[in-house]
Amino acid sequence: MDSIVGSVSPQRSVLILYGTETGNAQDCAEILAKKCQRLRLNPTVCGMDDYDVSQLPLESTIIVICSTTGQGDLPRNALKFWRFLLRKKLPPTLLSHIRFTSFGLGDSSYPRYNWAIRKVHKRLMQLGAREFIGRGEGDEMGTESLDSQFESWIDLISERLLQPDMFPLAPGTEVISDNILLEPRYKLSVDTKKIRRLTSGEAQTATIALTRGDALVGTVVSNKRITAQEHFQDVRNFEFTASQEDSTPSLDYLPGDTVGLYPRNDATDVNELLEHQGWSEIADHPVTVNEEFEKAIIGGLVKPLTLRSLITHHLDISAIPRRSFFAVAWHFSTDNEREQERLKEFSTIEGLQDLYDYANRSRRSILETITEFYSLKIPVEYILDLIPILRPRLFSISSPSPGSFRAVNDGVQTSDNEKPSDPVNKTSFSLTIAIVKYKTIIKRIRRGVCTKWVEGLTEGDKIPFSLFRASFKSEDVHDIETPIIMIAPGTGIAPMRSLILTRAAKEAVLQPDTAASMLLFFGCRYKEKDYLYEDDWNRVSNSGHSSLTVIPAFSRENGGYVQDKLYSAKDQVSELLVKQNASIYVCGSAGKMPRQVRITIATILEETQNWSTETTEAYVSSMERTGRYLQETW
Amino acid sequence: MTADQTETATLLILSSDIVKNPDQVQEQINNLSTESQVFHHQLLERITTKTIELTRNFYSHIHIADATGKSVALDDNTADLLFGCARNGCRLTGQIDGSPQSSLPLLLAGFIKESDLFVKPAREPATGVPTVASISLKKKTNGASKSSLPQFKRLHPTSVASADPASSVVKLNLDLDDDDELIDENDLMSDESSLPAAIVIPAKCDPGPGRKRRKACKDCTCGLKEVEEQELEEQEKKLQEVASKNVVTLGSDDMAEIDFTVPGKAVGGCGSCALGDAFRCDGCPYLGLPPFKPGEIVSIGFGRDDL
């Protein structure tokens, strides 16, 4: 097998930053990096928030790839970096030594199409960076697929990058052809000299999981199903505690904050991969990875790091393989021309539909793909180039803010099982988790990696986790003198529960003459099967302190959806918004629901206030800009 | 005292180390004292502690001298002070630590890097705020800002801009700069005309051989999703028929039909059933089964997991 060992001059360095919500932009960044390698450049790929801005003086060429999410916003992994760029004090010459361009992933069926990349692009120019070629905007709704558009854009910038004023090839050298295998970008080295085996047992796996340098440790308290047994969906109220003494600053959280859980792969699956590829002998020896890879691991690497622990805790072997997987994998199927050709086809734009049929519709995993192509023999040092990183899964916290209990004498009780946080010692967390389990067209059962792991957790188990702040900052939401309208179908109810219980506890303490209204629109399918946290709402309403009204919509019982109930209550909603300056908080699945809700709000205002469409749009936009209209969707 | 802008002025800054060597100090003075019409020299320490105050927009050349073999590391405070006393076009030279932790403060202060020296660029006496078509006064937004930090919680307290001698990477602790004023990101979009247009991505005339219809959008409203779902249902039905028999043992006759290596035998359908899903066509009843070998007992309805 031919591979190119390149030693590229540092002058040919390119920094590729990505802002991603679901991994698309990251995948594009990796594809671009591989192309850069073939142009004999020296690319570095980095998540925007993982990038150390003090390195900026050293950069000369930057390419930013960023998705637009929510209401024209930057993705979660870009917010810290974006905040840095937005500082008023930055001089307009800060980036004058940098040439750049960008590519945005967007969807033209949403308003504020590709706003994230446009804002980034504009701001970089304001700070003095010079565009070396126009930015690209990819459209989910385009006539060609997003992948295809990105590919075409790469062709354009490849041409530009080789021009004399950029990175022309030295005379006599050529672009490295696609048929030649490149050195792995994230090279893995196995230390075979040490005979001692570091990992193997199942029991070990649980303790190894806790060794991540940047993660906290929690102890599971309960993992109870809160939907009816006969209901098709298994939703859990997952509770755990964490001790205060091990970490500073305090583990306090506010409604809207999220917990990241670090799942791990099934030992059987990991073993299957190791055996299939003939790696069992070296599976428990120490391995080293490069710094670029290490930086991309949220929460830090586990210790000891062996092939087994790396795959178990850090590689997503149940992910669906993307084009970039096949672009590398086909080189490793030299025994079988037919298989090699098919693998190669799956990496092309022309083969996209076939790839979709093979991999996406059936949710085929990388593990399955590898085991189905008999001739695929992967050299272990390429494994990090092939398998995407296993990311933590985020869940909005559904328990009330611990701070709200510190002042409470007889605060509002939560569920029987849930104790308010002991302010001295431990912090309690609750999460609302829907277990992912379904059958696909090829009759295989698909389970979410994280929820599969969560399903098996019981009281006493120790788990790693991280705490993430809400992406918005709004005191109005917690302020018990400002009314709040909450719209949350399904598991979107999680942060609302936290908010309602937090506010209710405050009301119990401060006992205002009239507490501002809390109006909740909740949607589910059946009153008796999946009306989550019904008991909590009853308890709060009956406590006498607060002003909670819950309007549920039971979709399979002719109750319609949340937006229908919202419209039915239009006078009340309008009064709260316009006369009492209420905030709106929407949470749940992305897609139709948040857009329908926004349209409904606008319609309500138009009709009850007799406003024109323009006035209404201006009012709603201003609510969004000033943090009165918050949205958390996934 | 302000200098006539045509009168050149040099400032020699001496580190606390070099002043221990009067010879080196004298050498530096000799090198620089005659290049400009005005020449001053100062101790770095007196500048950074603000014991003395430098005249604003005065110097056309600032040179930092350190003991032989050493260099001065600059922080934000010092960089700002130097920027303040430099006039437009001023060159900043000398033994400045060239690592990122020294370079970034200089860039943040407003210097630009030109090969191996720093220059205060000539520009309008702006306040340092980048010009935007419409800068609105910061609205009272009740502290709401969509772009606040998601903070990662760590086991160990994060340190403030600590330089780890073992690594050349210094992490600026961005978490603590919460009170830094930000521009309103929506202002960036208020004047669309100042943003250059996106490049036109050429469409592919021929999307490629065998290109099939695009998949339906996630929230399809045109009915394509329903059509696709129906097709899936039909496929399901076919699979159900095969699955209703628990075990399918492929006899030699059956095998002959799908074994492409049997010469002369007519091959059913695409002929690729044996090869695995990657090669099977859409309607293949064997979709979902692994690739198989002749004589193998194929069992449909297997599953590692049980629902």
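The values are calculated or read from the model by the stated rules, or taken from the named source; none is laboratory data. All values reported here derive from a predicted model rather than from experimental measurement. Neighbour counts run over all protein chains shown; Cβ positions are idealised from the backbone, glycine included.
Annotations
- A:Ile485 more than 9 Å from every other protein chain (Cβ to nearest Cβ), under 23 Å from A:Gly627 (Cα atoms), without any contact (Cβ under 8 Å) to a residue 60 or more places away in the chain and buried (at least 20 other Cβ atoms within 10 Å of the Cβ): no
- Residue pairs meeting the criteria (Cβ under 7 Å; at least 6 apart or on separate chains; first more than 9 Å from chain A (Cβ to nearest Cβ), in the stretch B:83-107; second part of a strand (DSSP E or B) and aromatic (Phe, Trp, Tyr)): B:Cys85/B:Tyr59; B:Ala86/B:Tyr59; B:Arg87/B:Tyr59; B:Cys90/B:Tyr59; B:Leu92/B:Phe118
The rows are residues; the columns are (1) of a type in the set (S, T, N, Q); (2) buried (at least 17 other Cβ atoms within 10 Å of the Cβ).
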position	(1), (2)
A:Leu261	no, yes
A:Asp269	no, yes
A:Asn290	yes, no
A:Leu301	no, yes
A:Leu305	no, yes
A:Leu310	no, yes
A:Ser318	yes, yes
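- Of all residues in the stretch A:552-585, those satisfying the criterion of being over 23 Å from A:Tyr533 (Cα atoms) and part of a loop (DSSP other than H, G, I, E, B) are A:Gln580, A:Asn581, A:Ala582.
- Restricting attention to the stretch A:35-66 and to residues that are away from chain B (no Cβ under 12 Å) and of a type in the set (S, T, N, Q), the residue that is surrounded by the most Cβ atoms within 10 Å (Cβ to Cβ) turns out to be A:Thr61.
- Selection from the stretch B:191-207 of residues that are modelled with pLDDT of 85 or more and in contact with an Asp or Glu (Cβ under 9 Å, 6 or more places away or on another chain): B:Pro196, B:Ala198, B:Ile199, B:Ile201
- Residues satisfying the stated conditions in the stretch A:608-620, i.e. free of Cβ contacts under 8 Å to residues at least 24 places away in the same chain and surrounded by fewer than 16 Cβ atoms within 10 Å (Cβ to Cβ): A:Asn610, A:Ser612, A:Thr613, A:Glu614, A:Thr615, A:Glu617, A:Ala618
- Criterion: of a type outside the set (A, V, I, L, M), in contact with a Lys or Arg (Cβ under 8 Å, 6 or more places away or on another chain) and over 23 Å from A:Leu127 (Cα atoms) - qualifying residue of B:Phe111, B:Phe118, B:Phe58: B:Phe58
- Candidate set: the stretch A:160-199, residues that are surrounded by 10 or more Cβ atoms within 10 Å (Cβ to Cβ) and polar (S, T, N, Q); chosen: the one nearest to A:His331 (Cα to Cα): A:Ser189
- Within the stretch A:125-153, the set of residues being farther than 30 Å from B:Pro121 by Cα, in contact (Cβ under 8 Å) with a residue 40 or more places away in the chain and either of a type in the set (A, V, I, L, M, F, W, C) or more than 8 Å from every other protein chain (Cβ to nearest Cβ) (or both) comprises A:Leu146, A:Asp147, A:Phe150, A:Glu151, A:Trp153.
- Condition check for A:Val64: in a strand (DSSP E or B) and more than 18 Å from A:Arg123 (Cβ to Cβ): no
- Odd one out for A:Ile378, checked against (1) modelled with pLDDT of 85 or more; (2) out of contact with any Ser or Thr (no Cβ under 8 Å at 6 or more places or on another chain); (3) over 30 Å from A:Thr288 (Cβ atoms); (4) not in a helix (DSSP H, G or I): (3)
- Residue match in the stretch A:113-132 (condition: part of a strand (DSSP E or B), surrounded by fewer than 19 Cβ atoms within 10 Å (Cβ to Cβ) and either at negative phi or in contact with a Lys or Arg (Cβ under 7 Å, 6 or more places away or on another chain) (or both)): yes
- Among the residues listed as A:Lys473, A:Lys452, A:Lys439, the single one being within 13 Å of another protein chain (Cβ to nearest Cβ), crowded, with 18+ Cβ neighbours inside 10 Å and modelled with pLDDT under 80: A:Lys473
- The set of residues in the stretch A:558-593 being among the aliphatic types (A, V, I, L, M) and out of contact with any strand residue (DSSP E or B) (no Cβ under 8 Å at 6 or more places or on another chain) consists of A:Val578 alone.
- All positions within the stretch A:314-358 that are more than 13 Å from chain B (Cβ to nearest Cβ) and touching a strand residue (DSSP E or B) at 6+ places or on another chain (Cβ under 9 Å): A:His314, A:Leu315, A:Asp316, A:Val328, A:His331, A:Phe332
- Here A:Leu156 passes the criteria (1) within 11 Å of chain B (Cβ to nearest Cβ); (2) within 28 Å of the chain's Cα centre (by Cα); (3) not in a loop (DSSP other than H, G, I, E, B) except the one numbered (2).
- Qualifying residue in the stretch A:529-545 (condition: part of a strand (DSSP E or B) and either among the β-branched types (Val, Ile, Thr) or in contact (Cβ under 8 Å) with a residue 12 or more places away in the chain (or both)): no
- When the stretch A:86-103 is filtered for residues that are farther than 19 Å from B:Asp187 by Cβ and within 9 Å of chain B (Cβ to nearest Cβ), the ones remaining, listed by number, are A:Thr93, A:Ser96, A:His97, A:Thr101.
- The set of residues in the stretch A:285-315 being aliphatic (A, V, I, L, M) and at pLDDT 90 or above consists of A:Val287, A:Val289, A:Leu301, A:Val302, A:Leu305, A:Leu307, A:Leu310, A:Ile311, A:Leu315.
- Check on A:Gly544, of a type outside the set (Asp, Glu), assigned by TED's automatic domain parsing to the domain that holds A:Met623 and over 29 Å from A:Leu394 (Cα atoms): yes
- Scanning the stretch B:104-130 for residues that are at pLDDT below 90, in contact with a helix residue (DSSP H, G or I) (Cβ under 8 Å, 6 or more places away or on another chain) and assigned to a loop (DSSP other than H, G, I, E, B) gives a single hit, B:Pro130.
- Any hit, the stretch A:268-289, residues being within 12 Å of chain B (Cβ to nearest Cβ) and closer than 18 Å to A:Ile208 by Cβ: yes
- Qualifying residues in the stretch A:361-401 (those that are farther than 23 Å from A:Trp453 by Cβ and within 14 Å of chain B (Cβ to nearest Cβ)) - the one surrounded by the fewest Cβ atoms within 10 Å (Cβ to Cβ): A:Ser375
- In the condition set (1) in contact with a Gly (Cβ under 9 Å, 6 or more places away or on another chain); (2) within 23 Å of A:Ala494 (Cβ to Cβ), A:Ser546 is compliant with all but (1).
- Residue count for the stretch A:97-128, restricted to those that are under 15 Å from A:Pro57 (Cα atoms) and in contact with a helix residue (DSSP H, G or I) (Cβ under 9 Å, 6 or more places away or on another chain): 5
- For the stretch A:514-568, filtering for residues that are at positive phi and among the small types (Gly, Ala, Ser) leaves 2.
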